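What follows is a set of notes on a single structure, which appears directly below.
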Amino acid sequence: MQIDKIQEKKDKSPNEVEFIVTFIDKEGKPFKVRSKDKETSIFRYSVKKISGSFKVTNLPPYQA
């Protein structure tokens, strides 16, 4: 899985940025996560600068 597009970037603070992204799978198809009542292909990630390094603070999406 790789990033397809960065849909949006929001500066939350001087040390935090939020990205809204989409992914594609190995075949080049949009990656989607399904639950019982909905499906999503858009994922939100927060990135914080901690001790001089940038860290993603969310878990990656998983397909159950």
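If one puts a single equal scatterer on every Cα of the range 2-55 and applies the Debye formula without solvent, what log₁₀ I(q)/I(0) results at q = 0.19, 0.26, 0.31, 0.32 Å⁻¹? Values returned for q = 0.19, 0.26, 0.31, 0.32 Å⁻¹ are -0.74, -0.97, -1.12, -1.15. For residue 14, the shell of other residues with beta-carbons less than 12 Å away shows a net charge of +1, using +1 for Lys and Arg and -1 for Asp and Glu.
Using a cut-off of 22 Å between alpha-carbon atoms, which lysines can reach residue 26, once sequence neighbours fewer than 8 places away in the same chain are excluded? Within reach: 5. Bridgeable lysines around residue 38 (alpha carbons under 21 Å apart, same-chain partners fewer than 8 residues away excluded): 29.
Within the same chain, lysines fewer than 8 places from residue 55 are excluded, and of the rest, those with a Cα less than 18 Å from its Cα are 9, 10, 12. Here is the list for the range 1-62: GluC sites (Glu not before Pro) lying in DSSP coil, each with at most 15 other C-beta atoms within 10 angstrom of its C-beta, are 27. When the charge dipole of the chain is built from unit charges on Cβ atoms (+1 for Lys and Arg, -1 for Asp and Glu) and taken about the Cα centre, the candidate among 22, 52, 6 whose Cα reaches farthest toward its positive end is 52.
State to the nearest 20 debye the size of the charge dipole of the chain about its Cα centre, where the only charges are +1 on K and R beta carbons and -1 on D and E beta carbons.
On the way: 14 positive and 9 negative charges, 23 e Å.
Approximately 120 debye in magnitude.
Hey, what did the chain get for relative contact order, percent, Cα under 8 Å, at least 6 apart? Provide the component values of the computation, followed by the final result.
Values: 109 pairs, mean separation 17.1, N = 64.
About 27 percent, as a whole number.
Each reported figure results from applying straightforward, stated rules to the coordinates on display, with no laboratory input. In this text, all values refer to a predicted model and were calculated from it rather than measured experimentally. Don't worry about glycine lacking a Cβ; one is built from the backbone with ideal geometry, like all the others, and counts go over all protein chains shown.
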